[in-house]
Amino acid sequence: MRARTVRHFGIDNPSESGDIDICSCRYLYVYTYRYLDICIPNNIGVFDMRLAITNLKGGTGKTTTAVHLAAGLGRRRRTLLIDADPQRSATEWVFLMGDSCPFALVTDGEPDLHRRLADVVRGYDHVVIDTPPGYESIVRSAVLSATDILIPIAPSIMDINRLRPTLELIASLERLNAPSIRLLLTKVRGNTRTGRLARETLETTLGMPVVAAEIPLMEAYVTGFGLVPPEGHRYGAVLDELLKAEVAA
Ligand SMILES: Nc1ncnc2c1ncn2[C@@H]1O[C@H](COP(=O)(O)OP(=O)(O)O)[C@@H](O)[C@H]1O
Ligand SMILES: [Mg+2]
């Protein structure tokens, strides 16, 4: 059974976290759903990982990460990618891949996704959710739907400074859902110190878990839009790490 704990990373809980009335229908529903999820997973769709790719900042590599990881998971087991971004970049990418796409897609950028999740993901083993920048209500719903959250972040001071709203949003929902959270360094320039410095800052100074594998800044990720992501490589290593952690949990 998965450990459902999350660290606060030094960020105070917004008041919402302390004010939840778990007897209200809305929260009772969430808790009932979680109970079913933990106790009889085979009865509501056999899914192992519900991975939300989030960062309220745009352009950090969320869609690229979501499509690559969904492809990797889809080669192993039945996988659904939920495109929750109203900009629909992932949907466009999947459309261009055509029949060779190794996973299924649902375009669903509604803030009540978590309430309908059991129906949406029925029949799939793994679920990846691509989320938009901004649109906090949609991101909130994706966080409530997730067992795991991966936050792609470029190794720059600006990106690290802009991380706080995303972490606060996740922390504000901790009482309702406490997925495991990891950061993924993306767009890392080769032969520079930026990746190492960013990792050090995130891990040591902020105390946050960062995936060991990193995604380099590469033209191939830009020109790869619309193509089936290749097997293995860096995102393969990321996936191996996530799945290993999943088995250990
Ligand atoms: N590792 C990478 N190296 C170079 N360009 C990248 C990389 N990852 C993503 N990109 C490019 O950066 C832009 C933003 O990426 P995207 O995945 O759409 O981010 P988001 O979904 O967070 O807005 C896109 O043009 C994409 O092709
Ligand atoms: Mg995107």
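The values are calculated or read from the model by the stated rules, or taken from the named source; none is laboratory data. Model, not experiment: these values are computed from the prediction. In this analysis, Cβ positions are derived from the backbone assuming ideal geometry, glycine residues included, and neighbour counts consider all displayed protein chains.
Observations on the structure shown:
- When residues in the range 229-246 are screened for being buried (at least 19 other Cβ atoms within 10 Å of the Cβ) and within 15 Å of ligand 1 (Cβ to nearest atom), 3 of them pass.
- Within the set Leu69, Leu80, the sole residue that is out of contact with any helix residue (DSSP H, G or I) (no Cβ under 7 Å at 6 or more places or on another chain), more than 10 Å from ligand 2 (Cβ to nearest atom) and either outside any helix (DSSP H, G or I) or under 20 Å from Val143 (Cβ atoms) (or both) turns out to be Leu80.
- Scoring Leu96 on the criteria (1) within 14 Å of ligand 1 (Cβ to nearest atom); (2) assigned to a helix (DSSP H, G or I); (3) touching a residue at least 60 places away in the same chain (Cβ under 8 Å); (4) touching a Pro at 6+ places or on another chain (Cβ under 8 Å) leaves a single failure, condition (4).
- For Glu219, the requirement of being more than 11 Å from ligand 1 (Cβ to nearest atom) and surrounded by fewer than 20 Cβ atoms within 10 Å (Cβ to Cβ) is not met.
- Subset of the range 107-135 that is of a type in the set (Val, Ile, Thr) and within 16 Å of ligand 2 (Cβ to nearest atom) - its residue that is surrounded by the fewest Cβ atoms within 10 Å (Cβ to Cβ): Thr107
Residue-by-condition table, conditions (1) farther than 28 Å from Glu231 by Cα; (2) among the basic types (Lys, Arg):
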| position | (1), (2) |
| --- | --- |
| Val94 | no, no |
| Asp99 | no, no |
| Phe103 | no, no |
| Arg115 | yes, yes |
| Asp125 | no, no |
| Ile129 | no, no |
| Ile151 | no, no |
| Leu163 | yes, no |
| Ser172 | yes, no |
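- Filtered by the rule that a residue be under 19 Å from the mean Cα position of the chain (by Cα) and aromatic (Phe, Trp, Tyr), the range 224-244 gives a lone residue, Tyr235.
- In the range 169-193, the residues that are closer than 21 Å to Val211 by Cβ and surrounded by fewer than 20 Cβ atoms within 10 Å (Cβ to Cβ) reach residues that are basic (Lys, Arg) and modelled with pLDDT of 95 or more with C-beta atoms within less than 9 angstrom, at least six apart or across chains, in these pairs: Leu169/Arg140.
- Applying the criterion of being among the hydroxyl-bearing types (Ser, Thr, Tyr) and surrounded by 15 or more Cβ atoms within 10 Å (Cβ to Cβ) to the residues of the range 194-216, the residue that is nearest to ligand 1 (Cβ to nearest atom) is Thr194.
- Flag if Leu73 is under 15 Å from Ile129 (Cβ atoms), touching a residue at least 60 places away in the same chain (Cβ under 8 Å) and more than 9 Å from ligand 1 (Cβ to nearest atom): yes
- Residue within the range 156-165 that is closer than 29 Å to Phe103 by Cα, touching a residue at least 12 places away in the same chain (Cβ under 8 Å) and surrounded by fewer than 24 Cβ atoms within 10 Å (Cβ to Cβ) present: no
- Verdict on Ile138 being at pLDDT 95 or above, more than 27 Å from Arg234 (Cα to Cα) and within 16 Å of ligand 2 (Cβ to nearest atom): yes
- Condition check for Pro86: touching a Lys or Arg at 6+ places or on another chain (Cβ under 7 Å) and touching a residue at least 24 places away in the same chain (Cβ under 8 Å): no
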